[in-house]
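Remarks on the structure that follows.
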Amino acid sequence: MNFTQLRGSGSVAFEFNNLAGDGSRITRDFLQQLIKNVIKEYTHYLNETKTFNSYPIMIFKEQQFSGIMSPAIAAITHAYLTQCPCDRKLPGVYINRGHIDYWIYFNNTVFLIELKHAHYYENSDKKINSRFKDAVKQLNAIKEDSYTYFRPNDDVNVIKIALVVIVFEKKIIDMNNISHNINISEFIDKFYKIKDMIEPNFSAIWILNKNLNNKFNYNEKYYQNPVIGFIAHIF
């Protein structure tokens, strides 16, 4: 992966696999803008709260992460909704009224995003894979005739994105000896291990600037978040 430096935030790398066809160029542009904006918003958040010694948004789940996602989307387009209503048809189940996490209209294309949040810890690969499959399943279950609600006319593409944000944590063993010299390659290897198992067609990895990698207290233990990964299935 080729990393690009982002001022004050660290570095990010993107990778697309087997993404072709109608809307692929717009989708690439959209996702790269979105992830860069997520990084920008989260950088602002960490800088504003670095003296709090409290929980970063990233240690919670997708509901709290909307505080980062919404302004990141709004920087691209003002035509978006959170928790957009939809009808789903699940096998053996009557039509279920549900919600899509994000409906986004960008460059004459509608993006439907189902977002999941996961933490990487030892032997958590299968759990992350399960979260990913849940997001794909939820998007696949959307009834086709629901699309009349999602797009202004039949010429507008609808792109579904199952997106998982993966937070990589480093536990602090000695509070009197907190090091910012973290072995980043170890976390990159873990990220690739997940990618090899899930085989997404989009991925991105953000290596946080050392100045952002502050300690935080969670359940009376201290951690750092040196790396955050993004994987997605686009269809």
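Each residue in 44, 117, 78 was given a count of other beta-carbon atoms within 10 angstrom of its own, and listing them fewest first yields 78, 44, 117. Over the chain, dividing the summed -39,500 (n - 2.57) contributions of all DSSP H runs of at least 4 residues by the number of residues returns a 222 nm mean residue ellipticity of -10500 deg cm²/dmol.
This ranking places 6, 212 by how few other beta-carbon atoms lie within 10 Å of each, fewest first, which gives 6, 212.
Net charge dipole, the chain: roughly 340 debye, given to the nearest 20, about the Cα centre with Cβ charges of +1 for Lys and Arg and -1 for Asp and Glu. Using R0 = 35 Å, the C-beta based FRET efficiency linking residue 5 and residue 64 works out to 0.80. Exceeding 22 Å between C-alpha atoms, which entries from my cross-link table qualify? They are 61/133; 127/215; 116/160; 40/116. Among 61/133; 127/215; 116/160; 40/116, the Cα-Cα distance tops 22 Å for 127/215.
Which residues make up the longest stretch of the chain clear of GluC sites (Glu not before Pro) that lie in a DSSP loop with no more than 15 other Cβ atoms within 10 Å, not counting the sites? Each step should come with its number before you reach the end.
Details: sites that count: 122, 220.
Result, exposed sites excluded: 1-121.
Amide H contacts for residue 79 (H built 1.01 Å from N in the peptide plane; partners 5 or more residues away or on another chain; cut-off under 5 Å): 105.
Relative to the dominant Cα principal axis of the chain, helix 24-49 is inclined by about 40°. Between the listed residues 71, 150, 121, the Cα displaced farthest toward the positive end of the dipole of the chain, a dipole computed from Cβ unit charges relative to the Cα centre, is found at 121.
Using θ = phi - 60° in the Karplus curve 6.51 cos²θ - 1.76 cosθ + 1.60, the 3J(HN,Hα) couplings for region 151-159 round to 10, x, 7, 5, 7, 8, 5, 10, 10 Hz; x is entered for Gly and Pro. Listed by chain and number, the aspartates and glutamates whose C-alpha is less than 15 Å from the C-alpha of residue 190, apart from same-chain residues fewer than 8 away, are 122, 125, 169, 199.
Given all pairs of different Cα atoms, what value in angstroms does the Kirkwood hydrodynamic radius of region 3-234 take?
Every distinct Cα pair counted, the radius reaches 18.6 Å.
The residues 115, 208, when put in order of fewest to most other Cβ atoms within 10 Å, stand as 115, 208.
Bear in mind that the values in this text are calculations on the coordinates, not laboratory data. Since this is a predicted model, take the numbers as computed values, not measurements. Positions of Cβ are generated from backbone atoms using ideal geometry, with glycine treated the same way; all protein chains shown enter the neighbour counts.
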